[in-house]
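To keep things clear, I will list the structure first and then write my remarks on it.
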Amino acid sequence: MDCRTTLKAASDYQRISIDFDWIDIESNINGCPDYLEVYDGPNMSSPLLKRLCGRYEPIDILSSGQYLMLRLKTDAYIIENGFNLVFTSFYDRQNSPHTCNGSDQYRCDSYRCIDSSLQCDGRDNCGDKSDEHDCSGWVSVWSIFFIAIGILIVATCGLMCICACCAYCLTACQKKNTNVVTSSSTVVTETVDSTQDMEFQTTNESTDTSLPPTNTSLPQPPPYAYYLPPPSYNAAFSYEEENSLPPKPDTF
């Protein structure tokens with residue numbers, strides 16, 4: 001495989017830097033069967049800056065002008081991981097009449113001017129890591145943002161749980177109140193029935209006591225008795241005149 005790519009800066013007074021994270025290209029004791037070439041210009045006729053192979057972290061590569069060309073040449077025998085790099089366009093304040101625009105560009109300690117969006121991005125775009133200094137404010141802003149999002153999520157989940165518990169308790173209370181009302185109605189109905197039964201029984205008992213049962217097998221008394229009043233003192237007869245009376249006892 002023979003792959004080529006050309007990097008171009010936005011302005012003709014800008015340059016390009018390449019920062020390698022790692023490189024893993026086939027190599028052996030005889031040289032580099034596979035390799036990566038970096039040219040200082042738009043094509044292979046430009047000066048060759050580096051030919052890279054093996055497994056290591058190369059130093060940064062800088063262009064002298066607006067272009068850099070990369071060429072990767074490999075065979076079909078052994079396939080390695082390749083490489084990973086970051087390229088940055090900049091202009092040199094020492095060798096350029098241009099100055100850094102404070103709002104759109106960041107001024108590096110290495111006299112480079114880079115885009116301000118590259119500051120505190122976790123990459124060494126300045127070549128001396130000056131663009132990654134004093135990034136605690138950036139970190140704190142993102143930390144506060146994610147903490148706020150986490151708190152919002154936790155609060156939402158907690159509110160949902162509370163609402164669910166309240167709905168469950170309300171439903172349970174409504175069911176309990178319905179059961180209590182039904183039981184009370186049943187007890188009242190049973191009490192009314194029992195009261196009616198007791199009144200009916202009392203009425204029957206009162207009726208029974210007012211009219212005691214009559215036993216017709218026994219002899220009944222006469223409707224009235226023939227009793228004679230005792231004789232008066234001035235009666236026309238005395239006990240002595242009655243023959244049917246027993247004799248008068250002797251007096252002493």
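Given 15, 51, which one is open to solvent by 30 Å² or more (accessible area, probe 1.4 Å), under 23 Å from residue 127 (Cβ atoms) and touching a Cys at 6+ places or on another chain (Cβ under 9 Å)? Quick ask: steps written out before the conclusion?
Details: 15 fails: touching a Cys at 6+ places or on another chain (Cβ under 9 Å).
Only one candidate qualifies: 51.
Do you know which residues across segment 20-48 are within 18 Å of residue 84 (Cα to Cα) and either open to solvent by 30 Å² or more (accessible area, probe 1.4 Å) or in a loop (DSSP other than H, G, I, E, B) (or both)?
21, 22, 26, 27, 34, 35
Out of the residues in segment 73-99 that are without any contact (Cβ under 8 Å) to a residue 40 or more places away in the chain and touching a Lys or Arg at 6+ places or on another chain (Cβ under 8 Å), which is most open to solvent (accessible area, probe 1.4 Å)?
Within segment 73-99, the match that is most open to solvent (accessible area, probe 1.4 Å) is 99.
Working carefully through the options 65, 102, find the one that is out of contact with any helix residue (DSSP H, G or I) (no Cβ under 7 Å at 6 or more places or on another chain), modelled with pLDDT of 85 or more and surrounded by fewer than 17 Cβ atoms within 10 Å (Cβ to Cβ).
Only one candidate qualifies: 65.
The values are calculated or read from the model by the stated rules, or taken from the named source; none is laboratory data. Please read all numbers here as calculations on a predicted model, not as lab measurements. Virtual Cβ from ideal backbone geometry, glycine too; neighbours counted across all protein chains shown. Note: accessible area is taken over every heavy atom of the protein model, side chains too, but ligands, DNA and RNA are not part of it. Shrake-Rupley method; radii C 1.70, N 1.55, O 1.52, S 1.80 Å.
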